[in-house]
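Asker: Structure in structure tokens, see below.
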Amino acid sequence: MPESRFTKAEREYLSDPLRLGRLATVGADGTPHVVPVGIFHEPNRDVIEVTGRELEKTKKYRDVERTGRAAIVVDDLASVDPWLPRGIEVRGRAEAIRWPMPRIRIHPERIVSWGLEGRRNARSVEEG
């Protein structure tokens, strides 16, 4: 398996099966669209996969089919006292996949994370 574009801390954060994200796409008229979605990091392809009920019938799925682009933010609060937000944003090329299960696959081109390694970590990444 090739080296991951995600840091070890980012992979650990994304490995929680209860994580939710907010997927951003752009509609045909240029209007942004942001919705909550189920997510997971697929380590063999080193991509973010978005799932959901009847995903192939949704606006977000059609937006990705049309544009081939998406961004996602996955975040939470590690603590409220002290205030410790943490999360990761992934932007990149996206695919609307129908088989064997409808999903949106995001290939990272830019990753920004905060609160995972005690600092902000932002970088552009190359697909291997």
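Asker: Please work out the FRET efficiency for the pair SER124 and VAL80, using the Cβ-Cβ distance as r and a Förster radius of 22 Å; give the result to the nearest 0.05.
Answerer: E(calc), rounded to 0.05, equals 0.10.
Asker: Average projected area of the Cα convex hull of segment 8-124, in nm²?
Answerer: Averaged projected area of segment 8-124's Cα convex hull equals 7.7 nm².
Asker: Can you compute the helix-only [θ] at 222 nm over the chain? Use -39500 (n - 2.57) per DSSP H run of at least 4 residues, normalise by all residues, nearest 500 deg cm²/dmol.
Answerer: -3500 deg cm²/dmol
Asker: Quick check: pseudo-label points 7 Å beyond the Cα along Cα→Cβ at ARG22 and VAL34, how many nm apart are they?
Answerer: Spacing of the two 7 Å Cα→Cβ label points: 0.3 nm.
Asker: Let me ask another. I'd like the trypsin sites (Lys or Arg not before Pro) in segment 32-72 restricted to DSSP loop residues with at most 15 other Cβ atoms within 10 Å, sorted by number. All intermediate terms of the calculation are to be shown ahead of the outcome.
Answerer: Numbers: sites: ARG45, ARG53, LYS57, LYS59, LYS60, ARG62, ARG66, ARG69; in loops: ARG45, ARG53.
Sites meeting the loop and neighbour criteria: ARG45, ARG53.
Asker: Separation between the ASN44 and ALA9 pseudo-spin-labels, each 7 Å from Cα along Cα→Cβ, expressed in nm?
Answerer: A separation of 3.0 nm, rounded to one decimal place.
Asker: So if I take the centroid of the Cα atoms in segment 55-117 and the same for segment 1-54, what is the distance between those two points in Å?
Answerer: 3 Å
No value in this document is a laboratory result; all are computed from the given coordinates. Just so we're clear, the structure is a prediction, and the values are computed from it rather than from any experiment. Cβ coordinates were reconstructed from backbone atoms using ideal geometry, including for glycine residues, and neighbour counts include every protein chain displayed.
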